[in-house]
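Below is one structure, written out as structure tokens; comments come after it.
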Amino acid sequence: MENIDKESKYFRAKERVEAIKKFYLSLMSYFVFIGFLAALNYWTDQWRYPWFLWAAFGWGIGLVFKAVKVFGLNPFFGKNWEERKIREFMQDDERENRWK
């Protein structure tokens, strides 16, 4: 049983590392691509209309949501909120089933 628990923790940690890695790759591609668009924008009209900011803003919003998911930065539920709620519901269910 202990071995299964260790393997489970290992796989969860590995999944988290993969998610963090994907986030950083997305962040790096964001800066490269937005930098390319900014250079193209400057080359075509010398900042008369900075249209690349629309792409930067839209993609940036997506990156913020991804960071919240990957790093668990949800300000509404706090750290380990989901795990605490699961334990709470399991305990409530156990209490209810005791008297049936």
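Looking at L40, L73, L63, L53, can you tell me which residue is at pLDDT 95 or above and under 15 Å from the mean Cα position of the chain (by Cα)? That would be L63, the only listed residue that is at pLDDT 95 or above and under 15 Å from the mean Cα position of the chain (by Cα). If you filter the range 20-56 down to residues that are surrounded by 13 or more Cβ atoms within 10 Å (Cβ to Cβ) and of a type in the set (G, A, S), you find that the one that is nearest to K69 (Cα to Cα) is S26.
The values are calculated or read from the model by the stated rules, or taken from the named source; none is laboratory data. Model, not experiment: these values are computed from the prediction. No Cβ is skipped: glycine too gets one built from the backbone with ideal geometry, and neighbour counts run over all protein chains shown.
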